[in-house]
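Here's the structure, in structure tokens; my notes come after.
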């Protein structure tokens, strides 16, 4: 992996038309601005991880889970 | 005279061989996040209305299926802000009112940690048989909302 150090307001350019700006750094949070063509989809990494996990549900007994969920609903 | 309806035959690793009228297939013009090239789906309800869950099964990938749920069954007050950029991107104001679904994740090793993705719901436009997934940036909705709390998992005794 290419690792670069950047400071606030500094930019990275990827290819011809993707520009990444470090907007702010506070503690452990980095705020990032991205300029990219609309056809470039940008997602948080954890969203893609979650989608890949959801895409192949395991062969578990959904009925059992559902009875727990329905019981919870009835209580509420 | 109406044309006889075309039947789509395809295989699902979970549901076996399926025959679905072609008019029942659902287009996902943008795909689902992580699966942009898979654009044909069917909604399956194996329980015929008895279950909290529906299945969104890909037509062109037998292994690809998502569990969907109605968020209002679990999360009262779950709503979409019309100002969401993703809703404007899909021109929602020019479409009919969609049905709203959330994707449910069941962890292989710990099914009780079942969660719903409230951050990126599925909008189903029934009149045009299309679905779009949107990412809600303004609501602080969680990516993995647990559907069962610790309390729900006990031996079932009265609290």
Look at segment B:123-152 and say how many of its residues are touching a strand residue (DSSP E or B) at 6+ places or on another chain (Cβ under 6 Å) and at positive phi. 1
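Residues of segment A:1-23 being exposed (fewer than 12 other Cβ atoms within 10 Å of the Cβ) and farther than 26 Å from residue B:32 by Cβ, which ones?
Filtering segment A:1-23 for residues exposed (fewer than 12 other Cβ atoms within 10 Å of the Cβ) gives A:1-5, A:7, A:9-11, A:13-17.
Within segment A:1-23, A:1, A:2, A:3, A:4, A:5, A:7, A:9, A:10, A:11, A:13, A:16 meet the criteria.
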Cβ contacts < 8 Å: first residue at negative phi, restricted to segment B:94-119; second residue surrounded by fewer than 17 Cβ atoms within 10 Å (Cβ to Cβ) and in a strand (DSSP E or B), any location; separation 6+ or different chain. Result? B:113/B:146; B:114/B:146; B:115/B:146
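Suppose the filter is modelled with pLDDT of 90 or more and at positive phi; does residue B:49 pass it? Please lay out each step first, then the result.
Working: modelled with pLDDT of 90 or more: no; at positive phi: yes.
For residue B:49, the condition - modelled with pLDDT of 90 or more and at positive phi - is not met.
The rows are residues; the columns are (1) surrounded by 12 or more Cβ atoms within 10 Å (Cβ to Cβ); (2) at pLDDT 90 or above; (3) in contact with a helix residue (DSSP H, G or I) (Cβ under 9 Å, 6 or more places away or on another chain).
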{"residue": "A:31", "(1), (2), (3)": "no, yes, no"}
{"residue": "A:38", "(1), (2), (3)": "no, no, yes"}
{"residue": "A:41", "(1), (2), (3)": "yes, no, no"}
{"residue": "A:44", "(1), (2), (3)": "yes, yes, no"}
{"residue": "A:47", "(1), (2), (3)": "yes, yes, no"}
{"residue": "A:55", "(1), (2), (3)": "yes, yes, no"}
{"residue": "A:61", "(1), (2), (3)": "no, no, yes"}
{"residue": "A:65", "(1), (2), (3)": "yes, no, yes"}
{"residue": "A:72", "(1), (2), (3)": "yes, no, yes"}
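When you scan segment B:57-77, how many residues do you find that are in a loop (DSSP other than H, G, I, E, B) and closer than 17 Å to residue B:125 by Cα? First the steps, then the outcome.
First pass over segment B:57-77, keeping only residues in a loop (DSSP other than H, G, I, E, B): B:59-64, B:70, B:74-77.
Among the residues that remain, those that are also closer than 17 Å to residue B:125 by Cα are: B:70.
Adding up the residues that qualify gives 1.
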Where residue B:65 falls short, out of the listed (1) more than 26 Å from residue B:22 (Cβ to Cβ); (2) at pLDDT 90 or above: (1)
Filter segment B:78-101 down to the residues that are more than 10 Å from chain A (Cβ to nearest Cβ) and not in a loop (DSSP other than H, G, I, E, B) and list them by number. B:85, B:86, B:87, B:88, B:92, B:93, B:94, B:99, B:100, B:101
Out of the residues in segment B:19-33 that are assigned to a strand (DSSP E or B) and crowded, with 16+ Cβ neighbours inside 10 Å, state the one that is nearest to the other protein chains (Cβ to nearest Cβ). B:32
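Test of understanding: among B:43, B:54, which residue is within 14 Å of chain A (Cβ to nearest Cβ), part of a strand (DSSP E or B) and surrounded by 17 or more Cβ atoms within 10 Å (Cβ to Cβ)? Talk me through it step by step, then tell me what you get.
Details: B:43 fails: within 14 Å of chain A (Cβ to nearest Cβ).
Only one candidate passes the filter, namely B:54.
The values are calculated or read from the model by the stated rules, or taken from the named source; none is laboratory data. On a predicted model such as this, the values are computed, not experimentally measured, just so you know. Positions of Cβ are generated from backbone atoms using ideal geometry, with glycine treated the same way; all protein chains shown enter the neighbour counts.
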